[in-house]
Amino acid sequence: MKEQSNLSRLLQIAGSHKGLIYASWALSAISAIVALVPFCCIWKIVQEVLAVAPDFSRAQNLARNGWMAVLFAVASVLIYIGGLMCSHKGAFRIAANLRLQTMEHIIKLPLGVVERFGSGKLRKIVNESSAATENYLAHQLPDRANAIATPCGLLVLLLVFDWRLGLLSLVPVALGFLIMMAMTGQQMQEKMKEYQNALDDMSNEAVEYVRGIPVVKTFGQTIFSFKKFKDAIDRYKTWVIDYTKQLRTPMMCYTAAINGVFATLIAGGLLFTQDGVTTEFLLDLIFYMIITPIISVTLTRIMLQSENAMIVNDALQRIDSVLNLKPLEETKHPKHPKDASVELQHVRFSYDGKTEVLKGVSLAIPQGQTAAFVGPSGGGKTTLVNLISRLFDPQSGCVKIGGVDVRQIAKEELMDTVSFVFQNSRLVKASVLENVRMGRPDASREEILAALHHAQCDDILEKLPQGADTVIGAKGVHLSGGEQQRIAIARVMLKNAPIIILDEATASCIYTQKGNKKIRKPQAVNQTALIFDRRAAARLLSINSIRRLCWS
């Protein structure tokens, strides 16, 4: 029932391409029935050979039956290919729609939620989970229709020629089916979920490890940083080995059962021919020994399809884990902040609902004031940044900008009012110019270059092959952590929003001061600056007086 609901959901996502999925099932089932006709032709060939033996020159229909077998075999393949073409087109559309649906929802989520979810895990869900549905719809479902039609047609053939041999050949099939059901039951569903969790953890740790390599090398923490990644790999290895050992015995029994049809037929043949062998019985026995290998192939396909159905079920659950994340509520009656002041009133916040990171924080920063927040790591400085930027909403209390609760400010206006640079600055795969232009899309080239100059990025542009037009990440062009942060600062300077937030914005920047040269402060009127690092405040901005807020 659960699988059917998943299938119904996927077909609903298919939209106008739903008919292609149905057509693929029908064509695949027809292909399975047509594929059995060549065996009947082979039976006629064997019958004629036994009838005219030893004078084979009297056989008149061998060639005709042989060509008929070839014709139906080719027709079966062509019909199956037609079914796969239909299923692939529909499956690609469903996978694309699923990715679009998931990405459209992710765009609406708070950046803080996305960041805490884990970029590696999120990427794996969007790409691999949707790909699992594509493989299921494009291959597994047509094969399931084929696998259902094949036993139905095969059962008729087995019982028509000699019902005794037919029933006898079904004994190992029934045994193999029972073993298969034991391996692919509820326990298998749980194991599949554990397997995907292990893969997710390993993928997430791999991404985080690679991204953290610059910082790791800077502080010489290579062994300690690799430990989490190695632990994830070890957990995956341990799980795979244990699970393989657990399935070793039932898999051996299953393989022996479905491949033991020959032994059963031979034993039955000896039992049924105690009073002598007739030509008709010999013909049926030969036919059964030719056709019964299809049983083992069909059962194996059914087992693999059951496993893939579990994979799809798990994939949709993982996609739902993203779709179930609620975006921040948008007000229907937005208000406009009257100025660039920032105020927190009795703010409490917890990431996990248990441990409070902020406990009743209240503060007020007037418009035009520059404030530096100083405190130990883990003290809640970045959390405060997230709340002011509305990457999260507090559990109690409120955050106000210009006297208006940030929850009552339209999202677009809030983003135009606040600009920020985080300690882990991220750039997109585009030119340096386009990365900076994201701060103000209508900015001219001259304004962007001026912002890069004021952010002391001239030395970065000099070493790049096309200067500001160089695409970051293409053809081996990569920037260090400090260089990325300087470009992020240039983007903020170009935006020139009324409120600027710098959260350890120069953690990776190393400057050699030449005279009084410093990164210029943006020139917005009455601009409010919140700097969550006293050294960054002193180094980055030309400030006569800094309001220092000690954080504990």
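Here is the figure for the range 368-388: residues that are in contact with a strand residue (DSSP E or B) (Cβ under 8 Å, 6 or more places away or on another chain) and under 14 Å from V347 (Cα atoms) total 7.
Okay, residues lined up against (1) more than 21 Å from L36 (Cβ to Cβ); (2) outside the structural domain of T298 (by TED's automatic domain parsing); (3) at pLDDT below 75:
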site: A149; (1), (2), (3): no, no, no
site: G153; (1), (2), (3): no, no, no
site: V156; (1), (2), (3): no, no, no
site: R164; (1), (2), (3): no, no, no
site: L175; (1), (2), (3): yes, no, no
site: L178; (1), (2), (3): yes, no, no
site: M183; (1), (2), (3): yes, no, yes
site: Q186; (1), (2), (3): yes, no, yes
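In the range 469-494, of all residues being touching a Lys or Arg at 6+ places or on another chain (Cβ under 8 Å) and surrounded by fewer than 19 Cβ atoms within 10 Å (Cβ to Cβ), the one that is nearest to P441 (Cα to Cα) corresponds to V471.
In the range 470-497, the residue that is farthest from E413 (Cα to Cα) out of those that are out of contact with any helix residue (DSSP H, G or I) (no Cβ under 6 Å at 6 or more places or on another chain) and of a type in the set (D, E, K, R) is K475. The test for being within 24 Å of A147 (Cα to Cα) and either assigned to a helix (DSSP H, G or I) or more than 19 Å from the chain's Cα centre (by Cα) (or both) holds for S24. Residues that are in contact with a helix residue (DSSP H, G or I) (Cβ under 6 Å, 6 or more places away or on another chain) and surrounded by 19 or more Cβ atoms within 10 Å (Cβ to Cβ) do not occur anywhere in the range 324-338.
For the condition out of contact with any His (no Cβ under 9 Å at 6 or more places or on another chain), assigned by TED's automatic domain parsing to the domain that holds V492, closer than 30 Å to T355 by Cβ and modelled with pLDDT of 85 or more, R426 does not qualify.
Residue-by-condition table, conditions (1) in contact (Cβ under 8 Å) with a residue 12 or more places away in the chain; (2) among the small types (G, A, S); (3) loosely packed, with under 14 Cβ neighbours inside 10 Å:
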| site | (1), (2), (3) |
| --- | --- |
| P38 | yes, no, no |
| V46 | yes, no, no |
| D55 | no, no, yes |
| A59 | no, yes, no |
| A75 | yes, yes, no |
| L84 | yes, no, no |
| G90 | yes, yes, no |
| H105 | yes, no, no |
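Among the residues of the range 50-67, is there at least one that is among the hydrophobic types (A, V, I, L, M, F, W, C), at pLDDT 85 or above and touching a Pro at 6+ places or on another chain (Cβ under 7 Å)? Checking the range 50-67: not a single residue is among the hydrophobic types (A, V, I, L, M, F, W, C), at pLDDT 85 or above and touching a Pro at 6+ places or on another chain (Cβ under 7 Å). Scanning the range 389-411 for any residue that is within 19 Å of I489 (Cα to Cα), surrounded by fewer than 19 Cβ atoms within 10 Å (Cβ to Cβ), among the charged types (D, E, K, R) and out of contact with any strand residue (DSSP E or B) (no Cβ under 7 Å at 6 or more places or on another chain) turns up nothing. Name the helices (runs of 4 or more DSSP H) wholly inside the range 87-174 in which the number of residues that are in contact with a Ser or Thr (Cβ under 8 Å, 6 or more places away or on another chain) is 2 or more. Once the helices (runs of 4 or more DSSP H) in the range 87-174 are filtered for at least 2 residues that are in contact with a Ser or Thr (Cβ under 8 Å, 6 or more places away or on another chain), what remains is 119-124, 141-161.
For residues that are outside any loop (DSSP other than H, G, I, E, B) and either free of Cβ contacts under 8 Å to residues at least 24 places away in the same chain or acidic (D, E) (or both), tally how many sit in the range 363-383.
Qualifying residue count for the region: 1.
Exactly one of (1) without any contact (Cβ under 8 Å) to a residue 60 or more places away in the chain; (2) surrounded by 14 or more Cβ atoms within 10 Å (Cβ to Cβ) is unmet by L271. Its number? Every condition holds for L271 apart from (2). Applying a threshold of 8 Å to beta carbon distances and a minimum spacing of six or more residues, or different chains, the list of pairs starting in the range 248-267 at a residue that is assigned by TED's automatic domain parsing to the domain that holds L282 and touching a residue at least 24 places away in the same chain (Cβ under 8 Å) and ending at one that is in a helix (DSSP H, G or I) and aromatic (F, W, Y) reads L265/Y288. Criterion applied to L433, L414, L494, L452 was being within 29 Å of P327 (Cα to Cα), modelled with pLDDT of 85 or more, touching an Asp or Glu at 6+ places or on another chain (Cβ under 9 Å) and in a helix (DSSP H, G or I), and the one residue passing it is L494.
The values are calculated or read from the model by the stated rules, or taken from the named source; none is laboratory data. The structure displayed is predicted, hence computed values, not measured ones. For neighbour counting, all protein chains shown are included, and Cβ atoms are generated from backbone atoms with ideal geometry for every residue, glycine included.
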